[in-house]
Amino acid sequence: MSKISGNDIRSGNVLDYNGGLWLVVAVEHVKPGKGGAFAQVELRNIRTGTKLNERFRSVDKVERVRLEQKDQQFLYEHDGMLILMDTETFEQIELSADILGERRAFVQDGMILVVEYFESEPLSATMPQKVTCRVIETAPFIKGQTATNSFKPALLSNGIRVMVPPFVNSDEDIVVNTETMEYAERA
């Protein structure tokens, strides 16, 4: 861990602060007319999810934590736990499916997730930004709807509903952005 000043705090940093690990969600540098400048920082506790707003002056020092990232292959899900395998050592770990939230539906067999560790504790997991899914149900294409930028609802094979362009039909593969959970392109 390394100490950084209040001016060097950036969004995405992980800080060891007040006995917990905090993810920096947002930083706003403020220069009031009277008094010294400071950084207004919004923090989220990685383990509990609680939020905190703090002010850091340039002379304040905080511990910045470096998380180790490992590629883990998804094997299966059992009792709300994702079973993942380290792609280098072949060790298996269990990770709560809640860590992915609503994006859990996009996890597919054999998919590589990037798991972030602090010491030996897995804290978070990120999945690929784009995933290919099959459309199993959508409304038929109506001729003449292409004059405006229109979309229609579609049900994917994983149970998620997304809006797709009118030219997408049932039994087609599409690419979905897992961050926004929206249609990206045809597969």
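Brief remarks on what is shown
- Where strands (runs of 3 or more DSSP E) sit wholly within region 106-187, those with at least 2 residues that are under 23 Å from the mean Cα position of the chain (by Cα) and hydrophobic (A, V, I, L, M, F, W, C) occupy 112-118, 121-126, 130-138, 152-156, 161-164, 173-177.
- Within region 11-41, if we keep just the residues that are under 23 Å from the mean Cα position of the chain (by Cα) and over 19 Å from E68 (Cβ atoms), the residue that is surrounded by the most Cβ atoms within 10 Å (Cβ to Cβ) turns out to be V41.
- Only residues that are over 18 Å from the mean Cα position of the chain (by Cα) and over 19 Å from K3 (Cβ atoms) were counted in region 42-58, giving 2.
- Within region 51-67, the residues that satisfy the criterion of being modelled with pLDDT under 90 and over 14 Å from H29 (Cα atoms) are R66, L67.
- Consider region 77-97 and keep the residues that are part of a strand (DSSP E or B) and either acidic (D, E) or at positive phi (or both). The one that is least open to solvent (accessible area, probe 1.4 Å) is D86.
- Complete set of residues in region 51-76 that are polar (S, T, N, Q), touching a Leu at 6+ places or on another chain (Cβ under 8 Å), open to solvent by 50 Å² or more (accessible area, probe 1.4 Å) and touching a residue at least 24 places away in the same chain (Cβ under 8 Å): Q73
- Residue ID - modelled with the highest pLDDT, chosen from residues in region 110-150 that are among the charged types (D, E, K, R) and exposed (fewer than 10 other Cβ atoms within 10 Å of the Cβ): E119
- If only residues of region 164-187 that are loosely packed, with under 12 Cβ neighbours inside 10 Å and over 16 Å from Q129 (Cα atoms) are counted, the one that is modelled with the highest pLDDT is D171.
- T48 meets all of the listed conditions (1) without any contact (Cβ under 8 Å) to a residue 40 or more places away in the chain; (2) over 18 Å from E119 (Cα atoms) but one, namely (2).
The values are calculated or read from the model by the stated rules, or taken from the named source; none is laboratory data. Fair warning: this is a prediction, and the values are worked out from it, not measured in the lab. As a convention, Cβ positions derive from the backbone with ideal geometry for all residues, glycine included, and neighbour counts pool all protein chains shown. The accessibility values were calculated without ligands, DNA or RNA, using every heavy atom of the protein model including side chains. Shrake-Rupley method; radii C 1.70, N 1.55, O 1.52, S 1.80 Å.
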